[in-house]
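Accompanying notes for the structure given below.
The values are calculated or read from the model by the stated rules, or taken from the named source; none is laboratory data. The structure displayed is predicted, hence computed values, not measured ones. When we count neighbours, we look across all protein chains shown, and the Cβ atoms used for this are built from the backbone with ideal geometry, even at glycine.
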Amino acid sequence: MNGINQEIKNVIKKNKKVDYLEKTYEFYKLNKWDSTLLYSGKLLNVTKRKDLLDLAHYFRGKSFLGKKIFNESLKEYNLISQEFYFYSYVQCSIGEIFLNQKEYKKALKHFTSVAKNDKTLSSKLEKSVLLHNIGLCYFHLKEFEKAENYLLKGTALQKKENDTLLLISSYMDMANLYYEQYKDNQAIPYFQKAYALSKKIKNFEIKQNAALNMAVVEENRKDLTKAMLYRKEYDTWKDSVNNQNKIWAVAETEKKYAISQKQKEIQLLESENKVKVSQRNGFVASSILFLLLFGTAFYFYNQKSKTNKIIEAQKEDLDALNATKDKLFSIVSHDLRSSVNMLKVTNTKLLKDIANRDYDALDKIVHKNAAITNSTFNLLENLLHWATLQTQQLYFHIESVDLYSVIQQIEYNYKPLFENKNLVFTNTIPKATLALADLNSLKIILRNLLDNAIKFSNENGTISVYIDDKNDAFYYLIIEDTGIGMDEETRTNLLKEGNLLNKKKNQKGIGTGLGLQLCKSMIQKNNGIFTIESIENSGTKMIIGLPKYKSNG
């Protein structure tokens, strides 16, 4: 929409003295739809000029469309007069609304109206989107010849403009058009083109859809090996989308934690007020009932002692919560800052490479950004579990757990990480080795310890998981790596209680000791034992002792 944006800029320059106009446009450019709605509403209240009222309704229509509130968007667009100098864009937007609402005939009516006089659109890219949307309408109306004609025209324009995201969408729609008509030979090349282009972008959802389409293609071809590889890639991108969503969940947890802390402070103040009231009542009663002075004094002394104990207990709880808050803030400020800064640096390089169209460099930077994001997510996930554990909200259900099966499940999820560093992973735990543990917390413990083993292993190293069954009461589950190891001082510090922010020697990137602290706390909750054996430059053994399950039979 570069054409319309340039025209709107010209309108802004000519009307700088109009209140809220420039502010509305600033938020519109940034796609901040709620702020755009707020200031466009104020703009409607300060102007009576028809052209500016039309522009305000246009901003509001785009905002509701961006928020996918289609009926409200349609109401705003219908308030715009046909004399509005961007009315062709209004028609296109109304067509998009009907297309999203699956009212394809209504959408087609608006799109074709604009297409008859396409000189009103300012760029070839905008014309290509219009042609593409007309093709989609005909496709859904089962008029396949017309759909093919318009989709091909739109795709040709997008090739010239070299817009990768639009081109991927066009290729997928072309492929689906041919698939709908059972023209597999014509559909498959478009699926392949879309998949190849998806490698050059960082949009996880598009990558996910492209990989899924190729999996379906290979399944139809009966090539199950290739289909399985594409399915695996689809799952990877799906997990990446889910990881982004989980980051927001952590932010929501922190907000709830802050509210809980404020409530604790209010409760403390209420307790202090109660003490003051009790003391005042005591003095009044003692002055009126002199004969009962000794009994009254003794009574209020006992009451004061009880109240002070309550206050002391609440103060200790508040101090513990404050300490938790300080540790959380310290971790966020020191460790997330470094990863976010790395993202800022790589994104700056990414923008330059996009401008220079250096696609080889883009692929490397996108993979680097993905690695940084995964590391940051692991830290945030540990923060969430640790905060939940500290506030005693984590539920533990001890039951019999097959250690071999648990390791096997985790190994499947970690295979891409093993392959990335060319690590050999072995699981020699005997089947049906049953220990007593909470399954969910055990998985968190093992994932953290495997993360460390991978992080501190050298290329072409080995990670082994096995059992020491010499003790009658415990299974000792051992995770051994051939990595950089650690000296005795570091090993001792890591085993100390409360060393939340200890960093491991030679650590690169994000590392707070939070994961290991979380593991120690959860192992303790599982009635287990934890220790470390390590030799510098010769590898490390992380040893977890879990009670054995003994059946009554």
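Of Phe144, Phe98, Phe139, all but one fail to be modelled with pLDDT of 85 or more and farther than 28 Å from Glu72 by Cβ; the exception is Phe144. For Asn162, indicate whether it is within 30 Å of Arg231 (Cα to Cα), assigned by TED's automatic domain parsing to the domain that holds Lys62 and at pLDDT 85 or above. In short, no.
Taken together, the criteria exclude Lys226 from residues that are part of a loop (DSSP other than H, G, I, E, B) and among the charged types (D, E, K, R). In region 74-108, of all residues being among the small types (Gly, Ala, Ser) and within 34 Å of the chain's Cα centre (by Cα), the one that is nearest to Lys62 (Cα to Cα) corresponds to Ser93.
Of everything in region 411-444 that's of a type in the set (Val, Ile, Thr) and surrounded by 16 or more Cβ atoms within 10 Å (Cβ to Cβ), which residue is farthest from Asn527 (Cα to Cα)? Applying the filter and picking the extreme gives Ile429. Residue-level check: of (1) more than 26 Å from the chain's Cα centre (by Cα); (2) at pLDDT below 90, Val424 misses just (2). Only one of the numbered conditions (1) closer than 23 Å to Glu536 by Cβ; (2) exposed (fewer than 15 other Cβ atoms within 10 Å of the Cβ); (3) of a type outside the set (Phe, Trp, Tyr) is not met by Asn493, and that is (2). Scanning region 203-240 for residues that are basic (Lys, Arg) and surrounded by 16 or more Cβ atoms within 10 Å (Cβ to Cβ), we see that the one that is farthest from Asn176 (Cα to Cα) is Lys238. Across region 71-88, the number of residues qualifying as surrounded by 15 or more Cβ atoms within 10 Å (Cβ to Cβ) and either at positive phi or of a type in the set (S, T, N, Q) (or both) comes to 2. Evaluated against (1) surrounded by fewer than 19 Cβ atoms within 10 Å (Cβ to Cβ); (2) free of Cβ contacts under 8 Å to residues at least 60 places away in the same chain, Gln6 falls short on exactly one condition, (2). Suppose the filter is within 38 Å of the chain's Cα centre (by Cα) and assigned to a helix (DSSP H, G or I); does Asn45 pass it? Spelling it out, it is not the case that Asn45 is within 38 Å of the chain's Cα centre (by Cα) and assigned to a helix (DSSP H, G or I). Asn185 - would you say it is modelled with pLDDT under 85 and either aliphatic (A, V, I, L, M) or more than 28 Å from Lys106 (Cα to Cα) (or both)? It is false that Asn185 is modelled with pLDDT under 85 and either aliphatic (A, V, I, L, M) or more than 28 Å from Lys106 (Cα to Cα) (or both).
Every residue in region 445-460 that is in contact with a Leu (Cβ under 9 Å, 6 or more places away or on another chain), in contact (Cβ under 8 Å) with a residue 60 or more places away in the chain, more than 18 Å from Gly528 (Cα to Cα) and surrounded by 20 or more Cβ atoms within 10 Å (Cβ to Cβ), please. Selection gives Asn452, Ala453.
Just one of the listed residues (Val241, Val250) is at pLDDT below 75, within 30 Å of Asp360 (Cα to Cα) and β-branched (Val, Ile, Thr), and it is Val241. Of the listed requirements (1) over 37 Å from the mean Cα position of the chain (by Cα); (2) over 26 Å from Asp163 (Cα atoms); (3) in a helix (DSSP H, G or I), Lys16 misses just one: (3).
Has region 124-136 got any residue that is over 21 Å from Ala210 (Cα atoms), surrounded by fewer than 19 Cβ atoms within 10 Å (Cβ to Cβ) and over 37 Å from the mean Cα position of the chain (by Cα)? No, region 124-136 contains no residue that is over 21 Å from Ala210 (Cα atoms), surrounded by fewer than 19 Cβ atoms within 10 Å (Cβ to Cβ) and over 37 Å from the mean Cα position of the chain (by Cα). Across region 19-42, the qualifying residues are those that are aromatic (Phe, Trp, Tyr) and within 18 Å of Glu72 (Cα to Cα), and the one among them that is farthest from the chain's Cα centre (by Cα) is Tyr39.
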